[in-house]
1. Would you confirm, using the coordinates I've provided, whether R87 is closer than 20 Å to G150 by Cα, of a type outside the set (S, T, N, Q) and open to solvent by 50 Å² or more (accessible area, probe 1.4 Å)?
2. Given the criteria in a strand (DSSP E or B), within 18 Å of the chain's Cα centre (by Cα) and among the hydrophobic types (A, V, I, L, M, F, W, C), does I155 qualify?
3. Spot the failing condition for D99; the list is (1) at pLDDT 85 or above; (2) on the phi > 0 side of the Ramachandran plot, and only one is missed.
4. So if I check each of A44, A48, A63, which one is within 18 Å of the chain's Cα centre (by Cα), more than 16 Å from A136 (Cα to Cα) and modelled with pLDDT under 80?
Amino acid sequence: MPTLLFGMHPSNILPRIFDRASQCSCGAPANGTCVTMMAIVPYAKEYADDFEHLVAAFRAFNAEGFGEPFSPERAHQEYLERIERMRTDDDCEILLLIDGNRPVGFLQITVLDRPPFRTPVKERVGTIDAIFLLPAYRGRGWGKTLFEEGERRLIGRGVSHIDLDVTVFNRSACAWYARMGYEVQHIRMSKNVH
């Protein structure tokens with residue numbers, strides 16, 4: 001896992017920034033002088049085009065995993081839905097993982113006044129709605145860093161519990177979430193009727 005150093009960016013534009021000297025963003029080993037600046041920032045309009053490409057990559061990844069055909073139109077619609085939800089819902093936030101000035105991953109979180117399903121939890125609940133990193137950024141600790149920042153923000157907004165959904169056949173994600181401290185709390189079943 002890369003070494004992460006937390007601090008403020010000198011321009012005070014980026015709320016959190018990380019220095020990573022273990023490997024260059026291109027994948028080449030660092031030689032001691034190569035330092036990639038990574039940041040986690042809230043979504044902003046300046047990242048709209050890149051974020052739309054991330055959502056399309058996320059949709060393609062999910063389509064492949066679910067054995068569904070990829071639809072660029074559906075990916076564009078999902079992008080618009082995510083932006084609209086964040087714009088109109090103060091309890092929804094999209095965080096972007098930025099390499100230099102290019103988004104390479106995103107996390108969407110929401111705070112709910114009540115859980116989305118029957119549960120013994122009665123307080124405000126945070127949800128991790130989606131997390132995605134481009135393939136070149138996986139396995140280096142950046143997903144964990146982005147995920148933990150989302151958890152930190154949810155906890156800071158007063159949630160007592162954080163939920164997420166994952167499909168049971170995504171075994172690697174289930175194992176990763178378990179390592180992050182998540183446990184199975186309910187099982188939702190579905191039936192294909194078409």
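The values are calculated or read from the model by the stated rules, or taken from the named source; none is laboratory data. What you see is a predicted model, and the numbers here were worked out from it, not measured in a lab. Every residue, glycine as well, gets a Cβ built from its backbone with ideal geometry; the counts of neighbours run over all protein chains shown. Just the protein is used for accessible areas: all its heavy atoms, side chains included, with ligands, DNA and RNA removed. Shrake-Rupley method; radii C 1.70, N 1.55, O 1.52, S 1.80 Å.
1. Working: closer than 20 Å to G150 by Cα: yes; of a type outside the set (S, T, N, Q): yes; open to solvent by 50 Å² or more (accessible area, probe 1.4 Å): yes.
Here the answer is yes, as R87 does meet what is asked.
2. Details: in a strand (DSSP E or B): no; within 18 Å of the chain's Cα centre (by Cα): yes; among the hydrophobic types (A, V, I, L, M, F, W, C): yes.
So I155 does not fit the description; no.
3. That leaves (2) as the condition not met.
4. On the way: A44 fails: modelled with pLDDT under 80; A48 fails: modelled with pLDDT under 80.
Criteria check complete, one pass: A63.
Every residue, every condition in (1) assigned to a helix (DSSP H, G or I); (2) under 26 Å from T88 (Cβ atoms), yes or no:
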| site | (1), (2) |
| --- | --- |
| L107 | no, yes |
| I128 | no, yes |
| F132 | no, yes |
| A136 | yes, no |
| K144 | yes, no |
| E148 | yes, no |
| I162 | no, yes |
| A175 | yes, no |
| E183 | no, no |
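Residue-by-condition table, conditions (1) surrounded by fewer than 15 Cβ atoms within 10 Å (Cβ to Cβ); (2) modelled with pLDDT of 90 or more; (3) in contact with a strand residue (DSSP E or B) (Cβ under 9 Å, 6 or more places away or on another chain); (4) more than 26 Å from E68 (Cβ to Cβ):
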site: T110; (1), (2), (3), (4): no, yes, yes, no
site: R114; (1), (2), (3), (4): yes, no, yes, yes
site: F147; (1), (2), (3), (4): no, yes, yes, no
site: S160; (1), (2), (3), (4): yes, no, yes, yes
site: N170; (1), (2), (3), (4): yes, no, no, no
site: W176; (1), (2), (3), (4): no, yes, no, no
site: M189; (1), (2), (3), (4): yes, no, no, no
